[in-house]
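Sharing a structure, written as structure tokens. Questions coming.
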Amino acid sequence: MTRSSPASDTRPVETQTSYDAIVVGAGFAGLYALYCLRRMGFSARAFEAGGDVGVTWYWNRYPGARCDVESLQYSYSFSEELDQEWRWTEKYAPQPEILAYANHVAERFDLRRDIRFDTRVTAATFDDKEATWTIETDRGDRVAARFCLMAVGCLSAANRPPFDGMADFKGAIYHTGEWPHDGVDFTGLRVGVIGTGSSAIQSIPIIAEQAKTLTVFQRTPNYSVPAHNAPLDPAYERSVKADYPAFRARARSRPTGFYFPFNAEPALKATPQERQRQYEQFWARGGLPFLGAYGDLLFDKKANDTIADFARAKIRSIVKDPATAELLCPDNVFGCKRLCVDTGYFDTFNKPHVKLVDVSKTPIERFTADGIVVAGTLHPLDAVVCATGFAAMTGSFDKIRITGRAGLTLAEKWRAGPRTYLGLASAGFPNLFMITGPGSPSVLASMIQSIEQHVDWMVDCMAHMRDVGARTVEPLVDDEDKWVEHVNEVAQVSLRSTCSSWYVGANVPGRPRVFMPYIGGFPVYVTKCNEVMDAGYQGFVFDGARASNTPPQIRLTQRWHVPIDSDVISPAMLAARRVPVV
Ligand code: N01
């Protein structure tokens with residue numbers, strides 16, 4: 001694979017160096033971590049496997065890749081100047097523009113000088129006696145640090161199912177999450193796409209425009225809502241920028257950390273005619289906010305049936321061939337798997353050169369030199385796109401040998417599912433912080449907001465440790481156990497826990513089935529983090545701290561003290577743990 005590596009690293013390996021903190025990864029999480037560490041006077045080095053900054057947006061260059069959170073919200077909020085100066089061109093930003101934004105941030109805040117590119121961290125080992133981490137890389141670096149900040153991403157470890165005969169295939173095989181940097185020209189080719197998740201649903205309409213034929217191998221159909229993407233409305237941009245901090249604060253008070261019109265009323269209270277009108281209105285607005293049509297859609301199966309019926313009717317109205325339309329209609333809970341957002345996805349199946357192959361009952365048998373075999377039939381292909389997703393949430397941790405106290409590895413500790421306190425840290429792994437780790441809202445909230453809140457919290461914690469002379473911090477096992485229990489309990493209340501999605505690790509054979517992100521609502525979670533900090537880091541234990549009654553200073557975290565939006569999250573919802581997270 002060709003990498004564009006403008007920042008390619010030619011420096012010699014480091015073997016004798018020590019830092020206050022090592023940051024693993026230079027995506028939005030790693031960049032912001034570096035910025036805050038520096039701002040608070042900590043020395044830091046980041047290691048990044050890719051050739052430049054951006055991670056998700058560096059690797060996922062497949063045709064049609066874009067973010068389905070509004071560009072004015074899918075961006076950092078820490079700098080008013082940055083907010084004002086950056087201009088997004090579309091309602092939903094395309095991958096090249098998001099990558100350009102990451103590059104702009106790296107340059108504007110002079111972050112690159114502390115990042116080593118093309119360097120993968122292979123091991124992180126805690127030394128009990130010295131209370132330091134030793135970080136090793138695939139280039140031979142071996143550095144020490146008091147803290148290790150894992151900015152490894154939630155959807156960064158590609159899932160590549162090992163189909164029989166793949167090595168025999170004469171054509172090229174691509175993964176959407178590791179797309180060639182020079183792009184791919186499918187003109188005149190017979191192309192196969194495996195998978196029908198977000199990446200496939202974004203790329204299929206564009207690949208179909210180029211390819212001679214397109215064959216889509218579908219294991220599970222997905223619900224998808226039209227994006228209605230458009231150039232960014234200058235009047236809307238002006239209105240947001242007129243008071244960006246207030247707009248950000250409003251977003252933070254919402255269940256997903258981003259703002260959109262939300263109707264908290266239950267679906268079943270409305271008449272069928274009212275519901276139809278409401279769904280049509282939200283469909284016309286499009287995107288993930290479609291799930292905001294009613295407040296109980298992810299808690300009440302009967303309510304969910306009404307939106308699922310509506311979405312299936314839409315598919316049947318678009319796709320002309322009835323058999324194909326039926327195959328494309330999901331029969332599971334609407335929004336149980338991550339909702340997809342598309343531009344012309346279902347309509348693509350009306351094109352004569354596009355074919356849908358059901359692999360739900362008869363899986364892909366094997367690849368041959370000439371294509372893919374399903375149920376004894378060869379589908380001749382020149383190129384295959386694996387849009388087969390990621391080992392979500394824990395996959396990137398699994399790639400690094402992380403060894404904590406007494407030789408315990410994180411992989412061993414997490415064998416039956418990840419265990420963290422607030423998704424920030426794990427007992428037995430002192431001074432190791434996770435940015436958007438399992439057990440935090442992460443993928444169920446606007447990612448960049450989640451990242452900023454986590455980094456602000458952990459860097460404040462590090463500064464507090466400096467204030468009181470503490471050597472290490474880690475969660476108490478009891479508090480971690482209670483948090484894990486709470487994360488599971490909240491998940492059980494949501495219909496989201498009822499299907500085989502990557503949220504529960506079900507997309508990769510052999511992974512434990514546990515609902516990994518925290519689904520209790522972003523502002524609910526943030527309030528808990530604030531309370532923990534205000535109470536002197538309740539649930540964490542500090543080693544070596546001077547006895548002190550000084551309450552922790554709230555520095556970076558101040559901006560996260562925002563009230564919960566009671567119009568959307570009522571006290572009754574909170575008590576019943578039914579916070580509507582779309
Ligand atoms: O991956 P996925 P993705 N044989 O796991 C199928 C974010 N994202 O890369 O459903 C046949 O959703 C699998 O089938 P099944 C977003 O959070 C965001 O598309 O497991 N098929 C599924 O259809 C998203 O949810 C954006 O039965 C196999 C597909 O491959 C997440 O990333 C854009 C198979 C994988 O779908 C992941 O999305 C893109 C096999 N052996 C992604 N193995 C935006 O913001 C897997 N599949 C717009």
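Under a Cβ-only charge scheme (Lys and Arg +1, Asp and Glu -1), can you give me the dipole magnitude of region 166-386 about the Cα centre, in debye to the nearest 20?
Working: 26 positive and 24 negative charges, 112 e Å.
So the magnitude is around 540 debye.
I'd like to check one number: the per residue accessible area of the chain, probe 1.4 Å, reported in Å² as a whole number. It would help to have the intermediate numbers written out before the result.
Details: 22310 Å² over 582 residues.
Using a 1.4 Å probe on heavy atoms only, each residue of the chain averages 38 Å².
Measuring from centroid to centroid over Cα atoms, what is the spacing of region 64-109 and region 198-221 in Å?
27
Which far-off residues, 5 or more places away or on another chain, put their amide H under 5 Å from the one on VAL216, with H placed in the peptide plane?
For VAL216, whose amide H was placed from the backbone, the distant partners under 5 Å are VAL193, LYS355, LEU356, VAL357.
For the chain, build the charge dipole from Cβ charges (+1 Lys, Arg; -1 Asp, Glu) around the Cα centre, then report which of LEU31, ILE451, LEU339 sits farthest towards its positive end.
So the residue furthest toward the plus end is LEU339.
So, one more: Per the chain: cysteines with no other Cys C-beta under 4.7 angstrom?
CYS36, CYS67, CYS148, CYS154, CYS329, CYS340, CYS386, CYS461, CYS529
Accessible surface of HIS228 in the full protein assembly, 1.4 angstrom probe, to the nearest 10 Å²?
Near enough 90 Å² of accessible area.
Summing +1 for each Lys or Arg and -1 for each Asp or Glu, what net charge is found among the other residues whose Cβ lies under 12 Å from the Cβ of GLU85?
With Lys, Arg at +1 and Asp, Glu at -1, the net is 0.
Further question on the same structure: How about LYS241: which lysines have a C-alpha closer than 29 Å to its C-alpha, ignoring those fewer than 8 places off in the same chain?
Excluding near neighbours in sequence, the set is LYS91.
In region 296-428, what percent of the accessible surface is made up of carbon and sulfur (1.4 Å probe, ligands and nucleic acids excluded)? Spell out each step's value before the answer.
Numbers: 2790 of 5240 Å².
That fraction is 53 percent.
Percent of accessible area on region 203-275 owned by carbon and sulfur, 1.4 Å probe?
Numbers: 1800 of 3200 Å².
Carbon and sulfur atoms account for 56 percent of the accessible area of region 203-275.
Here's something else I'd like to know. Given a 1.4 angstrom probe, I'd like the percentage of the accessible area of region 505-551 that is carbon and sulfur, rounded to a whole number. Intermediate results must be reported in sequence, preceding the final value.
Numbers: 1090 of 2140 Å².
Accessible surface attributable to carbon and sulfur in region 505-551 totals 51 percent.
Please compute the volume of the convex hull spanned by the alpha-carbon atoms of region 166-386 and report it per residue in Å³.
Values: hull volume 34.5 nm³, N = 221.
Spread over its residues, the Cα hull of region 166-386 gives 156 Å³ apiece.
In region 166-386, with Lys and Arg counted as +1 and Asp and Glu as -1 at Cβ, which of these residues, ALA308, PHE217, ALA264, has the Cα nearest the positive end of the dipole, that is, farthest along it?
Result: ALA264.
Would you compute, from DSSP H runs of 4+ residues alone, the mean residue ellipticity of the chain at 222 nm, taking -39500 (n - 2.57) per run and dividing by the full residue count, rounded to the nearest 500? Don't jump to the answer; show the numbers that get you there.
Values: 17 runs with 176 residues, N = 582.
So the calculated ellipticity at 222 nm is -9000 deg cm²/dmol.
Still on this model: List the extent of the Cα atoms of the chain along each of their three principal axes, largest first, rounded to whole Å.
Taking max minus min along each principal axis of the Cα atoms, the chain gives 73, 57, 46 Å.
Using the Karplus equation 6.51 cos²θ - 1.76 cosθ + 1.60 (θ = phi - 60°), what ³J(HN,Hα) coupling, rounded to whole Hz, does each residue of region 413-426 give in order, writing x for Gly and Pro?
4, 9, 3, 8, x, x, 10, 9, 9, 6, x, 9, 7, 9
Please list, or write none, the lysines whose alpha carbon is within less than 24 Å of the alpha carbon of LYS351, excluding same-chain residues fewer than 8 places away.
Straight-distance partners of LYS351: LYS212, LYS314, LYS320.
Using the Karplus equation 6.51 cos²θ - 1.76 cosθ + 1.60 (θ = phi - 60°), what ³J(HN,Hα) coupling, rounded to whole Hz, does each residue of region 287-295 give in order, writing x for Gly and Pro?
Result, rounded to whole Hz: x, 4, x, 3, 5, x, 5, 9, x.
Residues with amide H under 5 Å of MET434's amide H, sequence separation 5 or more or different chain, H placed in the peptide plane at 1.01 Å from N; which?
Placed amide hydrogens put MET150, ALA425 under 5 Å from MET434.
The values are calculated or read from the model by the stated rules, or taken from the named source; none is laboratory data. Quantities reported herein were computed from a predicted structural model and do not represent experimental measurements. Quick reminder, even Gly has a Cβ in these numbers, built from the backbone with ideal geometry, and neighbours come from all protein chains shown. Ligands, DNA and RNA are stripped out before the accessible areas are found, and what is left, the full protein with its side chains, is counted by its heavy atoms. Shrake-Rupley method; radii C 1.70, N 1.55, O 1.52, S 1.80 Å.
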